[in-house]
Every structure is written in structure tokens, then in C-alpha cells.
Amino acid sequence: MATRTHVEIDRTRIKELTASEAAKLNERTHGSRDFYARAQQSLVGGVASSYQSRAPWPIYLSHGKGANVWDIDGNEFLDFHNGFGSMVQGHAHDAISKAVTDRIGLGSHFAAPTEDAVIVGEELARRWGLSKWRYVNSGSEATMDAIRIARAATGRDPIIKIFGSYHGHHDYVMVSIGVEYDKIGDRFNLESLPYGMGIPQAVVDMTIAVPFNDAEAMERRIEALVAEGRAPACVIMEAAMMNLGVVLPEPGYLEAVREITRKHGIMLIFDEVKTGLCIAAGGAVERFGVRPDLVTLAKALGGGLPSGAIGGTDEAFELVEAEKVVQVGTYNGNPLSMAAARANLLEVMTPEAYAHLDALNERLLAGCQMVIEKYSFPGYSVGVGSKGCVTFSPEKITDYESFKANQDAELCELAWLYNMNRGIFMTPGREEEWTLSITHSFEDCDRFVGVFEELAYDLTE
Ligand SMILES: Cc1ncc(COP(=O)(O)O)c(C=O)c1O
């Protein structure tokens, strides 16, 4: 809930604290600084993916166990980043480590199906109530293939996504994310804008964005596209947005989307790369009770090994079954990933694990909200399952437009520095949510709240 009255944060104070906290972090991470100098010689920007970049240097990690990670300077952190939400099991979980160790001695890759792949498929079908599954190796591959399936099934090319949502790094979905607020256009006719260079304009034009939490805007845009002879193949969306902090669906919104897509013969894809396995055993489908035609999974599925999956109804997979849609990949269903996923699903992410995550998150969200109210801090806490955040905005964020209008990037950066200097590892430089792991304790949550209180105190007293 948005707070009604709040203090105005002194921007000069944010800048002063940012400078002193950045100097403190630099002082503690000389090993990373020196390693960055070496890494830059071979890796572009010294990192494996641009989302790992950070100025003045990235923090290089050496290892993790349970809820903790260590950097190469020997600093110990409680991990609330958890690999963008992949490590909801905690690091180096005994059951997953054993499954992978047992498997690797038996051969780690055949490009032929194995028993574990079937067992994982059966469990995913049970959890999601979707009968058919295929594997891939990442979230991007999952969304790319799901969109192809939808295009084939409908015989249509245009697709609809939510403005501001991230669905991976392939061209179809690298559209209308992270762009300037004044360029997005009117909410009933939002612009299709490329996310970075190298995306063909023809692909950009085929991806149409609509605002989250606005079923009317979605339906109006669909009707306009139909009138132009450009009916869309699918709506691809997260049931709860997970890249603007956490933005939950308003009551009735997902049900309305399901009805609209059904009415217009459009496939509904829930991208559960972040929500899947992290907000409930059966992801957003279980949590919110709306069944799409297809879901995409990755991140937490493989317990720290690269993997991904697409699930759907028999009907949705008909053309793949008939081999008219070519869904393939050398490493799909890789035995190591499948052994890890099997242990993850059957031994680690149990009903008790989900009950623990819910209890942890409740405590963390309530603790942060108490701090917000005590200091009349501009913001509110919001979350679901293992995921949550403090949104630094006095207004409730419901979509990209309200996010951009209220975004406080300076405060986010300062909060990140406060966390890092006080033993809390968080995603660098982006408005990301926390992901708890089942190895976190209530004390760990209290520690997070304590650091947030220190920040609130220093900014308001
Ligand atoms: C919702 C969502 N979909 C897809 C992806 C892409 O996944 P990957 O990075 O494994 O390709 C991400 C990655 O952050 C994501 O958050």
C-alpha cells in the first residue's frame, strides 16, 4: 500500500551518503578492482553478461553456501539476489549437489532422452495442470519457442507484450522495455521501441506493447489490430511483473485478460521464468488461479544449472507433436540439468519449503512496512512467495508509466550500497526484487530490515 503522508527526502543528503558509501564499498573490494583490470582484457566489460556489469567495477564472487555468498575479497554476504531468483533452494544444496555429482559420473550429455527428463515433466504437469512439456536451456529460449508455437497455431505474426516487461534477449521481445518515459506514447497506442541496437525494425513493428493492469487498453489495442488486419498470435506476459520491483495484478485483471484472449482466438502465454517455482509450487498459475495456454519456465527450475521449459495444453502443443513446428536444441533436457531439476522439484521445493518462504516473506515485508511507517518514508513494501521489494515511490506502481513517473534511481543505488556495505548482497544498479531462499532464516530477514531502518533513519532524522 502506498503511504499517504511522507517526508521529502533531501536529495543532497542522498548524494552525500552515496559518495561516502561508494567509497566504503570501493575500499572493501580491492580484490574485485584488481581482478576487473585483468578480466577486461578478455571479457567484454570484464563480465559474462551486460547485466553483471557495474561501475566502477563488478563484485566478483568466489562461492556460496545456503543463504550466504562470498566475494573474492573474502567479504561475506547474505544473498537476497540469488542469481536473479534462480537460487530459491539456497546455494550448494546437499540434495542438488548429490544429484549432480551422482549424474556426472554416468555421462553428462547424450542429446538423447533420459528418465529424469520424463520424471521432471510429470512433476511439472502435476504442478501446473498443463499436460505437455518441452525443455530448453534458458528463459529466452523458452519465450522464443513459445511465441513460435503461438504464431504457428494461430497463423498470425504480430504479438502483444506488456510495456516495460522483460522476456529475454531474443529479438521478438527486446521491444518497449527500459525506454524513456516521454517516448512511450499514449497508453491506448503505446510505441514499439527497440531495446538496444541490432533489432530489425520489421521485428520491432510486429511486437505491440500494452500497459500492465489495464484490460481495457489491451482489448482496445487488440480490436484496433484486428481492424488493421494484424490480429495478434499471443499475449506474452508475467502474471505479476518482476522487473519494476514487484507489480502485482489488480483483482480481476488476469481473469479479464484470459477472457479477452479467448474471445479473440489469441494464445495466452504466462512467462513464469521468474515467478515459476518461486511464488508457489505451481507458480503464478497456482497463485492467481488463471490458466494460460502456455507457460515458460527457467531460472529456479534447474537448481543453479542452465535449463528452461515450456508447458502447455495438448492443443497448444499439437503442431509440435505433429513436427510441423520445429522445437529443438542440442542441450534440451541435458541430463545434468534434469538430475538437478528432479532433486529440486521432488526433494527440495516441497510444500514445507513454500510454507517457509511465505512465512519469511511475510515477516520481511511487514518489517520493511513498519520502518516505512515509523519514518514516514516514501514507499511501500510489496511481494509474493519468495519475492518482494520496497518500492521507493509514494504512489502505488501499477504499470510502466506509473513506475517511470515515480522512479527514484538515486535512492535505489543508495539502498544497494547500504545493503552491500552491511552484508546484504543485492542485484546491482537495477530496480530488482529480492528472492529469498529456503535456507534463509527469520534472523536473516530481520537483518535486512535493520539495514533498511538504518537507511531510513539516516535519510530522515
Ligand atoms: C520474465 C523473464 N523472462 C525471460 C527471461 C530470460 O531468461 P534468461 O536470462 O534465462 O534467458 C528473464 C530473465 O531475467 C525474465 O525475467
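As a quick test, which of the pairs Lys98/Lys274; Lys183/Lys404; Lys132/Lys274; Lys24/Lys387 have an alpha carbon distance above 22 angstrom in this structure? Over 22 Å apart, Cα to Cα: Lys98/Lys274; Lys24/Lys387.
Solvent-accessible area assigned to carbon and sulfur over region 340-440 amounts to 52 percent, based on a 1.4 Å probe. Projecting label points 7 angstrom from Cα along Cα→Cβ for Val226 and Glu76 puts them 6.1 nm apart.
Take the convex hull of the alpha carbons in region 342-387; its mean projected area over all directions comes to 3.3 nm².
Per-residue 3J(HN,Hα) values for region 168-177, derived from phi via the Karplus relation 6.51 cos²θ - 1.76 cosθ + 1.60 with θ = phi - 60°, read x, 9, 8, 4, 3, 10, 7, 9, 6, 9 Hz in sequence order (x marks Gly and Pro). Over all directions, the projected convex hull of the C-alpha atoms in region 250-325 averages 5.9 nm² in area. A P(r) calculated from all alpha carbon pairs of region 382-461, with 10 Å bins opening at zero, reads 16, 50, 30, 4 percent. FRET efficiency for the Val118 to Ala366 pair, using the beta carbon distance and R₀ = 30 Å, is estimated at 0.10. Relative contact order for the chain: 24 percent, from Cα pairs under 8 Å spaced at least 6 residues apart, divided by residue count. Using θ = phi - 60° in the Karplus curve 6.51 cos²θ - 1.76 cosθ + 1.60, the 3J(HN,Hα) couplings for region 50-63 round to 4, 6, 9, 5, 6, 9, x, 7, x, 8, 7, 9, 9, 6 Hz; x is entered for Gly and Pro.
Of the beta bridges in the chain, as assigned by DSSP with both residues counted there, near 60 percent are antiparallel. In summary, the helical segments of the chain meeting the span-like criteria, namely a full DSSP H run, a Cα extent along the axis of 24 angstrom or more and a mean Kyte-Doolittle hydropathy of at least -1.0, are 351-374, 442-460.
Do any trypsin sites (Lys or Arg not before Pro) in region 212-309 lie in a DSSP loop with no more than 16 other beta carbon atoms within 10 Å, and if so, which? Taking region 212-309 and a limit of 16 other Cβ atoms within 10 Å, the loop trypsin sites (Lys or Arg not before Pro) found are Arg230. If you take all other residues with their beta carbon under 14 Å from the beta carbon of Gly66, and give Lys and Arg +1 and Asp and Glu -1, the sum is -4. Here the translational diffusion coefficient of the chain follows from Stokes-Einstein with Rh set to the Kirkwood radius across Cα pairs; for 4 °C and 1.567 mPa s it amounts to 57 µm²/s.
Between Gln41 and His109, what's the calculated FRET efficiency when r is the beta-carbon distance and R0 is 30 Å? Round to 0.05.
Values: r = 31 Å, r/R0 = 1.02.
So, using R0 = 30 Å, E works out to roughly 0.45.
Net charge near Arg342: determine it from the other residues with C-beta under 12 Å of the C-beta of Arg342, scoring Lys and Arg +1 and Asp and Glu -1.
Working: positive: Lys98, Arg103; negative: Asp102, Glu115, Asp116, Glu122, Glu123, Glu347.
Net charge in that neighbourhood comes out at -4.
Ser376 contributes an accessible area of around 40 Å² to the protein surface, as traced by a 1.4 Å probe with all chains present. A simple count of charges around Lys132, restricted to other residues whose Cβ falls under 10 Å of its Cβ and scoring Lys, Arg +1 and Asp, Glu -1, yields -3. Among beta bridges from DSSP that stay inside region 65-215, the antiparallel ones total about 60%. Less than 5 angstrom separates the built amide H of Gly90 from those of Ile438, Thr439, all sequence-distant by 5 or more or on a different chain. Note that region 333-431 presents 32 Å² accessible area per residue, ligands and nucleic acids not counted, probe 1.4 Å. A 1.4 Å probe run over the protein chains yields, for region 206-318, 30 Å² of accessible area per residue, whole-number rounding. Here the accessible area is traced with a 1.4 Å probe on the protein chains. For region 64-154, carbon and sulfur cover 55 percent of it.
In this structure the amide hydrogen of Tyr380, modeled in the peptide plane, comes within under 5 Å of the amide hydrogens of Thr391, Ser393, none closer than 5 places in sequence on its chain.
Put simply, the Cα atoms of region 168-222 extend 32, 22, 18 Å along their principal axes, the longest span coming first.
Overall shape of region 275-404 was characterised from the C-alpha gyration tensor. The equivalent ellipsoid obtained from it has semi-axes of 35, 19, 13 Å, in decreasing order. Using only alpha carbon pairs under 8 Å that are at least six residues apart, calculate the relative contact order of region 221-331 and give it in whole percent. For region 221-331, the relative contact order is 19 percent. Working value for region 292-353: equivalent-ellipsoid semi-axes of 25, 15, 9 Å, each the square root of 5 times a Cα gyration tensor eigenvalue, largest first.
The values are calculated or read from the model by the stated rules, or taken from the named source; none is laboratory data. Computed from a predicted structure; not experimentally measured. Please note: Cβ atoms are built from the backbone with ideal geometry, for glycine as well, and neighbour counts cover all protein chains shown. What goes into the accessible areas is simple: the full protein's heavy atoms, side chains included, and nothing from ligands, DNA or RNA. Shrake-Rupley method; radii C 1.70, N 1.55, O 1.52, S 1.80 Å.
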